[in-house]
1. Filter the range 53-65 down to the residues that are of a type outside the set (Gly, Ala, Ser) and either touching a residue at least 40 places away in the same chain (Cβ under 8 Å) or over 18 Å from Leu34 (Cα atoms) (or both) and list them by number.
2. With acidic (Asp, Glu) and assigned to a helix (DSSP H, G or I) as the only criterion, which of Asp62, Asp52 stands out?
3. Mind checking which pairs have a first residue in the range 34-52 that is among the aliphatic types (A, V, I, L, M) and a second that is not in a helix (DSSP H, G or I), Cβ under 7 Å, 6 or more apart or different chains?
4. Any idea how many residues of the range 10-41 are open to solvent by less than 100 Å² (accessible area, probe 1.4 Å) and in contact with a strand residue (DSSP E or B) (Cβ under 8 Å, 6 or more places away or on another chain)?
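The values are calculated or read from the model by the stated rules, or taken from the named source; none is laboratory data. Because the structure is predicted, anything quoted here is derived from the model rather than measured. Quick reminder, even Gly has a Cβ in these numbers, built from the backbone with ideal geometry, and neighbours come from all protein chains shown. Remember, those area values only see protein heavy atoms, side chains included, never the ligands or the DNA or RNA. Shrake-Rupley method; radii C 1.70, N 1.55, O 1.52, S 1.80 Å.
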Amino acid sequence: MGQTVRSPVTGAEVHGIPDLGLLTAEVDAAVIQLEDPTTPVGNRDYTRGAHDALAWVCGYSDQLP
């Protein structure tokens, strides 16, 4: 997330280093997308990867992505 101007899941505009609130919002958005049965398989794989990485960065998971 610090390398682009858009966040990975929601596409929200990012200015500077993202704070925990934005990172947590991205984790939450990923969970919602993963629970949606209409999410295409390719998007689901990307979203799962983003979720796992963000959850680790935020300290919600001890498992390295």
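1. Kept after step one, since they are of a type outside the set (Gly, Ala, Ser), are these residues of the range 53-65: 54, 56-58, 60, 62-65.
Selection gives Leu54, Val57, Cys58, Asp62, Gln63, Leu64.
2. Values: Asp62 fails: assigned to a helix (DSSP H, G or I).
Answer to the selection: Asp52.
3. Ala50/Pro8; Ala50/Val9
4. 2
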